[in-house]
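J.: For reference, the structure I am asking about is given below.
The values are calculated or read from the model by the stated rules, or taken from the named source; none is laboratory data. This structure is a prediction, so every number in the text was calculated from the model and none was measured. Cβ sites come from the backbone with ideal geometry, for glycine too, and all protein chains shown count toward neighbours.
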Amino acid sequence: MSKVGIIMGSKSDLPVMQEAIDMLNHFKIDFEVDIVSAHRTPEKLFDYGKHAHTRGFSVIIAGAGGAAHLPGMIASLSPLPIIGVPVKSTNSIDGWDSILSILQMPGGVPVATVALNGAKNAGILAAQIIGSSDPQVMDKIIAYKEDLKAKVIDSAKGLEY
Ligand code: RP5
């Protein structure tokens with residue numbers, strides 16, 4: 001079965017990245033979590049980016065804050081689709097530094113960047129990528145979207161004044 005790699009620059013990113021973990025658990029998709037720092041463990045980053053596609057991963061979710069080089073550097077090394085999560089970390093000025101570091105990639109090296117602290121959507125997007133070639137996961141995504149719709153319709157009930 002396809003597996004998602006979830007990496008983050010620091011353990012301090014985990015409370016944000018937990019939402020990606022929760023979504024992958026929801027869709028019953030295998031994943032592995034690791035801490036890989038672009039600045040503190042550059043050799044580990046290089047090894048991870050070079051070999052992730054040979055380790056059974058189909059997608060990588062990478063989260064980092066501040067001068068957030070992890071997602072882009074992994075994208076430079078790996079042929080896999082990379083989803084970047086900008087984290088509003090303690091060293092981030094206002095979150096924009098993380099967003100722009102991950103978003104503004106040069107042509108040829110894409111990182112699918114979600115919203116600030118948007119790890120939930122990163123988990124859903126990873127599931128959707130896997131679901132495009134896995135009918136069982138696709139069915140779960142369809143059910144999830146139906147549930148979202150039902151919740152909104154329910155929430156509107158009782159608003160008739
Ligand atoms: C980034 O620096 C990490 O991704 C984290 O968001 C931020 C702060 O890291 P710590 O100082 O909390 O380890 O590289």
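J.: Starting from residues that are within 11 Å of the ligand (Cβ to nearest atom) and touching a strand residue (DSSP E or B) at 6+ places or on another chain (Cβ under 7 Å), keep the ones in the stretch 61-82 and report whichever is nearest to P110 (Cα to Cα). Explain how you work it out, then say what you get.
T.: Let us first name the residues in the stretch 61-82 that are within 11 Å of the ligand (Cβ to nearest atom), namely 62-71.
Still in the list and also touching a strand residue (DSSP E or B) at 6+ places or on another chain (Cβ under 7 Å): 62-65, 68, 70-71.
Values: A62: 13, G63: 15, A64: 16, G65: 18, A68: 15, L70: 13, P71: 10 Å.
Selected residue: P71.
J.: May I ask you to list pairs of residues, at least six apart or on different chains, whose Cβ atoms are under 9 Å apart, with the first in the stretch 38-50 being modelled with pLDDT of 95 or more and of a type in the set (A, V, I, L, M, F, W, C) and the second being away from the ligand (no atom under 13 Å from the Cβ) and not in a loop (DSSP other than H, G, I, E, B)?
T.: Cβ pairs passing all conditions: L45/L77; F46/L77.
J.: Would it be correct to say that S58 is touching a residue at least 60 places away in the same chain (Cβ under 8 Å), at negative phi and away from the ligand (no atom under 13 Å from the Cβ)? Steps first, please.
T.: Values: touching a residue at least 60 places away in the same chain (Cβ under 8 Å): yes; at negative phi: yes; away from the ligand (no atom under 13 Å from the Cβ): yes.
The answer is yes for S58.
J.: Turning to a different aspect of this structure: Kindly provide the set of residues from the stretch 25-55 that are away from the ligand (no atom under 15 Å from the Cβ) and in contact with a strand residue (DSSP E or B) (Cβ under 7 Å, 6 or more places away or on another chain), ordered by number.
T.: First, the residues of the stretch 25-55 that are away from the ligand (no atom under 15 Å from the Cβ): 25-32, 43, 46-47, 49-55.
Selection gives I29, D30, F31, E32, A52.
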